[in-house]
């Protein structure tokens with residue numbers, strides 16, 4: 001009997017060893033053709049299916065000068081997908097009873113944040129998270145000077161004509177303000193909070209502070225200059241070390257860009273996506289926020305844009321006929337996307353470091369084209 005079991009085990013191991021690894025050459029050839037079409041410099045993609053990370057791949061180069069390839073461990077600045085890290089951090093404070101979604105943003109900031117057309121309507125944390133605050137970026141968002149009445153005589157231009165909570169305009173200032181509130185309430189510097197409370201518990205490598213990361217892993221970002229030449233966007237990874245040494249908590253938060261400064265790899269971003277896919281937890285049971293808070297992030301608060309808290313719902317906008325939840329990013333020539341179906345447990349990540357063709361073709365065409373190809377190959381039932 002023992003010898004029979006031993007033989008059975010050996011046969012099973014032999015069968016497993018004979019199984020061929022999945023052949024993704026057709027998909028990769030299709031992606032290479034698409035990359036040539038859009039003049040892509042470098043790209044990384046990841047696919048989650050049945051709640052598992054089943055595929056990652058890197059294309060092109062991380063540096064046009066050296067020709068170094070993009071790899072699965074390469075770090076990209078992911079732009080506005082970064083907002084989801086800020087939102088989860090804020091919701092952690094809400095769940096701990098340290099912050100209310102209805103809190104007055106001006107009281108938290110320490111200076112007035114009120115639309116002058118509606119002075120009696122508070123602008124709340126929830127409005128900042130959902131871009132329904134009536135704030136805009138017309139006076140800048142790399143500091144808070146533009147929105148402060150004591151520092152900018154044109155501060156009123158920061159506000160739109162509609163009443164806070166009744167309209168939508170995407171606004172980066174919203175999330176830089178939220179990052180400053182996080183610092184004031186938690187007592188931790190924004191970038192360090194995110195690493196300690198989000199990335200490290202998940203086993204992810206990344207962050208907002210350039211000086212804390214292995215810069216040799218950065219994928220350089222490229223955009224067309226005025227002469228139509230692909231040029232490195234050096235400001236994408238500017239360390240700002242001198243300014244950080246004189247850092248003022250709650251005041252200098254935009255240096256780390258809570259609105260768009262996360263640097264992370266595509267596989268790790270896919271693991272982050274699975275937290276949202278599973279409503280606040282990983283499949284292994286590492287919970288960051290409650291199920292109700294996670295579902296709140298995915299519930300639209302604006303009818304036109306279908307935007308929740310740092311996540312939006314797309315009904316076929318990226319893959320025809322397919323409802324997905326997620327976010328895009330775009331800055332310095334980079335284009336990024338993280339979209340998923342929380343019910344069917346599949347999702348996609350793509351990050352592009354730059355495209356050399358026209359802006360009309362290279363902008364969100366790279367996102368749509370990549371997501372549709374991943375869906376058709378890995379998910380769609382033929």
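Okay, residues lined up against (1) closer than 30 Å to residue 163 by Cβ; (2) free of Cβ contacts under 8 Å to residues at least 12 places away in the same chain; (3) buried (at least 17 other Cβ atoms within 10 Å of the Cβ):
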residue	(1), (2), (3)
289	yes, no, yes
316	no, yes, no
321	no, yes, no
334	no, no, yes
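Listed here are the helices (runs of 4 or more DSSP H) enclosed by region 83-140 that have at least 2 residues being within 27 Å of residue 154 (Cα to Cα): 105-109, 125-130.
Considering only residues that are in contact with a helix residue (DSSP H, G or I) (Cβ under 6 Å, 6 or more places away or on another chain) and either assigned to a helix (DSSP H, G or I) or more than 25 Å from residue 311 (Cβ to Cβ) (or both), which ones fall in region 156-176? It would help to see each step written out before you state the result.
Residues of region 156-176 in contact with a helix residue (DSSP H, G or I) (Cβ under 6 Å, 6 or more places away or on another chain): 158, 164-165, 174-176.
Those that are in contact with a helix residue (DSSP H, G or I) (Cβ under 6 Å, 6 or more places away or on another chain) and either assigned to a helix (DSSP H, G or I) or more than 25 Å from residue 311 (Cβ to Cβ) (or both): 158, 174, 175, 176.
Just one of the listed residues (250, 260) is buried (at least 22 other Cβ atoms within 10 Å of the Cβ), under 17 Å from residue 176 (Cβ atoms) and either in contact (Cβ under 8 Å) with a residue 60 or more places away in the chain or more than 14 Å from the chain's Cα centre (by Cα) (or both), namely 260. Does residue 242 count as surrounded by 14 or more Cβ atoms within 10 Å (Cβ to Cβ) and either closer than 30 Å to residue 69 by Cα or free of Cβ contacts under 8 Å to residues at least 40 places away in the same chain (or both)? For residue 242, the condition - surrounded by 14 or more Cβ atoms within 10 Å (Cβ to Cβ) and either closer than 30 Å to residue 69 by Cα or free of Cβ contacts under 8 Å to residues at least 40 places away in the same chain (or both) - is not met. Looking across region 142-166 at every residue that is under 23 Å from the mean Cα position of the chain (by Cα) and more than 14 Å from residue 108 (Cβ to Cβ), the one that is surrounded by the fewest Cβ atoms within 10 Å (Cβ to Cβ) is identified as 142. Residues that are under 26 Å from the mean Cα position of the chain (by Cα) and surrounded by fewer than 18 Cβ atoms within 10 Å (Cβ to Cβ): does region 109-125 have at least one? Taking every residue of region 109-125 in turn, none turns out to be under 26 Å from the mean Cα position of the chain (by Cα) and surrounded by fewer than 18 Cβ atoms within 10 Å (Cβ to Cβ). Just to be sure before I move on: is residue 146 out of contact with any helix residue (DSSP H, G or I) (no Cβ under 8 Å at 6 or more places or on another chain), over 22 Å from residue 326 (Cβ atoms) and at pLDDT 95 or above in the structure I sent? For residue 146, the condition - out of contact with any helix residue (DSSP H, G or I) (no Cβ under 8 Å at 6 or more places or on another chain), over 22 Å from residue 326 (Cβ atoms) and at pLDDT 95 or above - is not met.
The set of residues from region 200-217 being over 14 Å from the mean Cα position of the chain (by Cα) and on the phi > 0 side of the Ramachandran plot comprises just one member, 203.
For the criterion of being closer than 20 Å to residue 251 by Cβ and outside any helix (DSSP H, G or I), residue 149 passes.
The values are calculated or read from the model by the stated rules, or taken from the named source; none is laboratory data. Because the structure is predicted, anything quoted here is derived from the model rather than measured. Cβ coordinates were reconstructed from backbone atoms using ideal geometry, including for glycine residues, and neighbour counts include every protein chain displayed.
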